[in-house]
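Heads up, the thing below is written out as structure tokens.
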């Protein structure tokens, strides 16, 4: 069985030779692997797969990896196969063991049982036999004893009567015995004289007979004669005697079997005809003898025993008693037994004659000489015959001792039999009993069951095997699939990690490289600046050099962009958290770009809703950079139309700005809003805590537009919507990428949104926190109560529209005019009564709505009209503008004019305007803050006028001229600033640098001291109004110096002015520097710029130099104002305070940080703040932070960059001035 | 020698100094600063540099000869040398100083000594070059010519 199951598994193995054979030689290797594999299936496949895919990543080894894959496939296959084989073996073994044990034990127990049974079966007939023999012998012995007793009484029969009496007595005794034993066949007594007495029972007919011989023939005398002859010839006596009596007649008389009464007549029968009478011949040696006899009248053998009856003297035999018992009952018993338990039993004599069988086969055979005993081997019963033959063949004559044979499996015919034989060792009659039981009878069922069990077991195990194999297949399939997926996942992760790492390296490299590149670029630019300042250049050279300068700046900007980007990507960009005025920054930005746009015929409009908080916390430089990039991008692609920067505050309930959207434009907005609502709500939740606000912005232009498919990708690095634009517009495609990363970093999102009409609409939101207390501090004036009306005479329709909308929201009635004629019409209509002689009245037909507006204006009580006039409305190309001005002058009593100047408005125009008394001049573009200031200024002026109407009228104008100047200067400052940047379209870099500089400066609070080159108009206006309020008692002495210095500085920036190098004229600078070389260089540099330099060698000296001054300062403070005012002309400062300190950071004795701390400490009581600029060779931002921390104001790196130093110094000194 | 020829040689020589990296833009800035009020400014500054550097180099040699090298002190010296060399535009000295400082941070005496040798070498080289340059200039001035302004050639 085991072989069978083993056979099946190799067959299945060979069943797929195509798959297995390719492994061929490495089969062993694979098996070795599998042996370890099976133990830790899961653990090992994962790293293996990983290794494989790991190689997969490396392209060079792809081939190798693929073969590896193949081999791993094979190994998986073989592993499966191995598991299946193991399962098969296991199940096979189980089956075999089960079967074996059940079979062995049942067989064994059955065998013992059957053995017992057989033994029992055989024992019982033998016992019966034994009983029969015993009873026979008892009877015989009893007969003998009785006979002896009777014969002794009649030992010497004297006469015939006594003889007869003896015989009668014997007959009675014998009958008694015979009757008591029903099983007896016959009892015979044979006297010496030849007289025979016998009782015979025929079992078949159930008759009993008394047989006796003729009494007359026998005499005592004869017996005496016989007696005498006795010793000499005993043998001869018997046979001769009997044969001699052949002629004797026997009589048989039937008897009643119970009573023994004579029932019939005696019939003579020949002797020996009926029964075998035991004669003296059977007891030749005087002892008992046994033998098996046959009779004619019975078909079963008879057992006869013979005993002699001795005379009292015990010397001679008187008679012979024979008892015959039929063995019939033994056969009967056997039959019964065999009926109950099947099988065959037979008894044989030692010689092999059958004595009894369990079958009905005859035991005797009829020969010519009468019936004779049959040999067992000749039995008519097949089984017995064959069993006897088998035994004879197996053992022959050499029976084992005791004749005991147990054979479990004898093949008789076509059947197996148990054969057992027992030897009954009687002294005179040894007998052999044989029992033959067919194996089938006992083991047949067992065998059959065993076979069935085996078949069931095999089929069950085969089923289990098949199911198990299928299960394994499924399981391993799933596992291997999972493994494969996992390996793939791991390899993907690996690849991603690598990609990320390489990207990181790239960013790192870029950051490093651009940093390295920036240094030489800065040098190039600096040297070019020096070259430009040089006088000895021809015009042509100058043009070329300035071109180079522009290109270098552009290159530097690009580098800055890359640096920004890589900074962001490498996660190094840290956003500042500082308060800043968002509106002001954006206004500055729009100012700057408007200059650029005017040339392009593009209108730049800033439209911030009122709910935007004034102060927000965040990184102003980065916010500005975002918008600068976006706006410059828009301007780049917009040839005509407008660029609008809209801003509003997230408010889910009120869509503050949506008023100006057309309905279909509103849809995406509202959709976006709802989409962001959850986000917004979430934001709002924690904005309750953090005061975070979501600020929405839009940059809307009317340019080329972007293809919708590119809306996402334009924010990728080096992506441009249309590659061909690079040629026409330039640019690297980095700008928007930086924007997006910055916006994301500020917690916002940016995307291009669908726009109605041409152009692009970029929408973004930023998450900025507002200072805790800075909520809605708008200081909004209630213009309505002042009854102000505004006439907007502006070119740009978009700006005008937005402005008028804002004004009307604030309850200021507004009129709009887009050109000169319209304006005159409105004026004419308004002041019809007073302007009769208007020369330019061309009778324009005004639209009805406009007319009604005008009428409503006329209804106002004591109104203040403010007319905002775009200078572009005047015809400047010819001289007509002067006449136009004259025309407007006629209304100057009733209205206030505010002029919108272009950045390139010529001085002549300005002078003319000023001469006419038009003092309110602002630069384009007009936005909310400027409008607010115009209105405020007008109202203040009116108020002042009302206050000091009569006496100070003339003085007021002079003062106003002053303040106006201030206003204008500041505007030009804007202008230059922006024009500096305007030479390049992408200005983020420079802008960020400049605003960073602003960021560094501590905001000291006082409006006056806040400097910065991005100083807004508002400050200036506030200053102006303040001065106004301070009134005429003193002309601010600083004003001229500041303005001049500012101018100088502008010049040094922009033009090749002759006095450019003296921009630091009159400044006192303390230089603390230990390195003599640097000290010298810096000194010369500063002196060349016109500054007075005091150089000291270390920090201690610097502190000393200052301390003695400050000590002196205490009591000179009163006069310092005057001194400072006069220092231009007089220069009589024996020890004046320094305007600025340049401080090296690393110095012996006391380093720059310590010195600064000491200086700031000593300043503490005085209220002074001398700007300290750090000079350091460390270019790390941490050093910068350290510098600012100890109280320094700015930071310069060595070697000193000429230009940067000048601008830094100027920005600082101007503030303190 | 003809003045014009000498001027040409000066220009070439200066250019070669820039090309070979002995000097950088800072030196040009120095020259820019020189004018009628400070006619010998460059020479003055450079000789200041020479004095200062020599002192520093001596200090450095001493400091590195000590059994227990005070790296902080060495670092400060090198820093100073770096500052002054960068101020006159002696680029190669400056670069040497940068490497020197790195080794100072690592406290690697052997490398420091090597760097010191290198810096010294660079210093003497640039000193020779500059002296030659000044000699040339003096010759030009003595011959009555004017010193041509450098043009940026790199």
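The values are calculated or read from the model by the stated rules, or taken from the named source; none is laboratory data. Since the structure is predicted, the reported quantities are computational estimates derived from the model, not experimental observations. We place every Cβ from the backbone using ideal geometry, glycine too, and count neighbours over all the protein chains shown.
Observations on the model:
- Residue within the stretch B:85-105 that is touching a residue at least 24 places away in the same chain (Cβ under 8 Å), within 14 Å of another protein chain (Cβ to nearest Cβ) and at positive phi present: yes
- From the list A:921, A:931, the lone residue that is under 16 Å from residue A:792 (Cα atoms) and in a helix (DSSP H, G or I) is A:931.
- Test: residue in the stretch B:99-107 that is within 23 Å of residue A:1079 (Cβ to Cβ) and in a helix (DSSP H, G or I): yes
- In the stretch B:1-51, the residues that are within 14 Å of chain A (Cβ to nearest Cβ) and not in a helix (DSSP H, G or I): B:21, B:23, B:24, B:34, B:35, B:36, B:37, B:38, B:39, B:40
- Extreme residue, nearest to the other protein chains (Cβ to nearest Cβ), among residues of the stretch A:1188-1198 that are on the phi < 0 side of the Ramachandran plot and free of Cβ contacts under 8 Å to residues at least 40 places away in the same chain: A:1197
- Residues (touching a helix residue (DSSP H, G or I) at 6+ places or on another chain (Cβ under 9 Å) and within 21 Å of residue A:386 (Cα to Cα)) located in the stretch A:442-461: A:442, A:443
Matching residues to (1) more than 24 Å from residue A:710 (Cβ to Cβ); (2) modelled with pLDDT under 85; (3) touching a helix residue (DSSP H, G or I) at 6+ places or on another chain (Cβ under 9 Å):
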residue: A:753; (1), (2), (3): no, no, yes
residue: A:756; (1), (2), (3): no, yes, yes
residue: A:761; (1), (2), (3): no, no, yes
residue: A:764; (1), (2), (3): no, no, yes
residue: A:768; (1), (2), (3): yes, yes, yes
residue: A:774; (1), (2), (3): yes, yes, no
residue: A:778; (1), (2), (3): yes, yes, no
residue: A:783; (1), (2), (3): yes, yes, yes
residue: A:786; (1), (2), (3): yes, yes, yes
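- All told, residue A:1106 falls short of being over 60 Å from the mean Cα position of the chain (by Cα), away from chain B (no Cβ under 14 Å), at pLDDT 75 or above and not in a helix (DSSP H, G or I).
- Lone qualifier among A:383, A:330, A:338, A:323 - being closer than 30 Å to residue A:197 by Cα, part of a helix (DSSP H, G or I), over 60 Å from the mean Cα position of the chain (by Cα) and modelled with pLDDT of 75 or more: A:330
- Comparison of A:516, A:488 shows that the only residue that is outside the structural domain of residue A:1207 (by the TED database) and modelled with pLDDT of 80 or more is A:488.
Every residue, every condition in (1) farther than 30 Å from residue A:524 by Cα; (2) in the same structural domain as residue A:1094 (by the TED database); (3) crowded, with 21+ Cβ neighbours inside 10 Å; (4) modelled with pLDDT under 70, yes or no:
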| site | (1), (2), (3), (4) |
| --- | --- |
| A:1125 | yes, no, no, yes |
| A:1158 | yes, yes, no, no |
| A:1181 | no, yes, no, yes |
| A:1201 | no, yes, no, no |
| A:1204 | no, yes, no, no |
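- Being more than 10 Å from chain A (Cβ to nearest Cβ) and assigned to a helix (DSSP H, G or I) is not true of residue B:68.
- Unmet criterion (only one of (1) within 13 Å of the chain's Cα centre (by Cα); (2) free of Cβ contacts under 8 Å to residues at least 60 places away in the same chain; (3) facing chain A (nearest Cβ under 10 Å)) for residue B:76: (1)
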